[in-house]
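*Asks:* Dropping the structure in here first, questions after.
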Amino acid sequence: MTETGTIRVVAALIRDEAGRVLLVRKRGTTAFMQPGGKRDPGEDDATALARELGCAMVRDSIQLLGEFDAVAANEPGWRVHACLYGIDVTGDIVPHREIDEMIWIDPASPPDVPLAPLTRDHVLPLASQVRVAG
């Protein structure tokens, strides 16, 4: 029997000066998604985001955009529940930890790359409609 469940994560909507959205791809996977990840025990969302992003966040910019559910991109049979935050960052953003690649995309006209269901179905439509922090 296949194990199923829900993976709870924090995710970031980060934009550049042109309004493009940052997406990342984890090592050994094909789908691009929002940066973020699972909370460590006892972590609040802002602390988890800071650890996962590996860049300096502008703390006053953190804005909860909503909670979303989708099919998990990399764990067959699982779902993901994400608390999505719009945030601004300072300094260079460079792939670290398990991130193999990052791209900046126009949320209203994404390129032809594999997208995680959460990103495709929730984040990009939201980012296309509203200019939010991040």
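The numbers here are math on the coordinates, done by the rules we state, and not lab data. Nothing here was measured: the structure is a model prediction, and the numbers come from that model. Here Cβ is always computed from backbone atoms with ideal geometry, including for glycine, and neighbour counts include all displayed protein chains.
*Asks:* Per residue of segment 67-82, what does 6.51 cos²θ - 1.76 cosθ + 1.60 with θ = phi - 60° give for ³J(HN,Hα)? Whole Hz please, x for Gly and Pro, Karplus curve as stated.
*Replies:* Ordered by residue, 3J(HN,Hα) equals 10, 9, 10, 7, 5, 5, 6, 10, 10, x, x, 10, 10, 10, 10, 10 Hz.
*Asks:* Using packing as a proxy for protection, rank 13-22, 97-106 so that the peptide with the highest average count of other Cβ atoms within 10 Å comes first.
*Replies:* Answer by packing, highest mean first, reads 13-22, 97-106.
*Asks:* If you don't mind, there's one more thing I want to ask. What residues from segment 32-66 fall in the zone where the backbone N is under 15 Å from a label point 7 Å along the Cα-to-C-beta line of residue 6?
*Replies:* 39, 66
*Asks:* Still on this structure: Place a +1 charge on the Cβ of each Lys and Arg in the chain and a -1 charge on the Cβ of each Asp and Glu, then give the dipole magnitude about the Cα centre in debye, rounded to the nearest 20.
*Replies:* 100
*Asks:* Pop a pseudo-label 7 angstrom from the Cα along the beta-carbon direction at both residue 45 and residue 69 and give the gap in nm to one decimal.
*Replies:* Result for the modelled spin labels: 1.7 nm.
*Asks:* Taking H as built 1.01 Å from N, whose amide H comes closer than 5 Å to the amide H of residue 7, not counting residues under 5 places away?
*Replies:* Amide H neighbours of residue 7: 79, 80, 81.
*Asks:* Within 10 Å, count the other beta carbons around each residue, average over each peptide in 36-49, 78-91, and list them highest first.
*Replies:* 78-91, 36-49
*Asks:* So what J values fall out for segment 25-38 if you push phi through Karplus, 6.51 cos²θ - 1.76 cosθ + 1.60 with θ = phi - 60°, rounded to Hz, Gly and Pro as x?
*Replies:* So the J values, rounded to whole Hz, are 10, 6, 3, x, 10, 10, 7, 8, 8, 5, x, x, x, 6.
*Asks:* Now a separate question. Under 20 Å from a label point 7 Å along Cα→Cβ of residue 79: give me every residue in segment 31-69 with its amide N that close.
*Replies:* Residues 34, 37-39, 65-69 qualify, since their backbone N sits under 20 Å from the label point.
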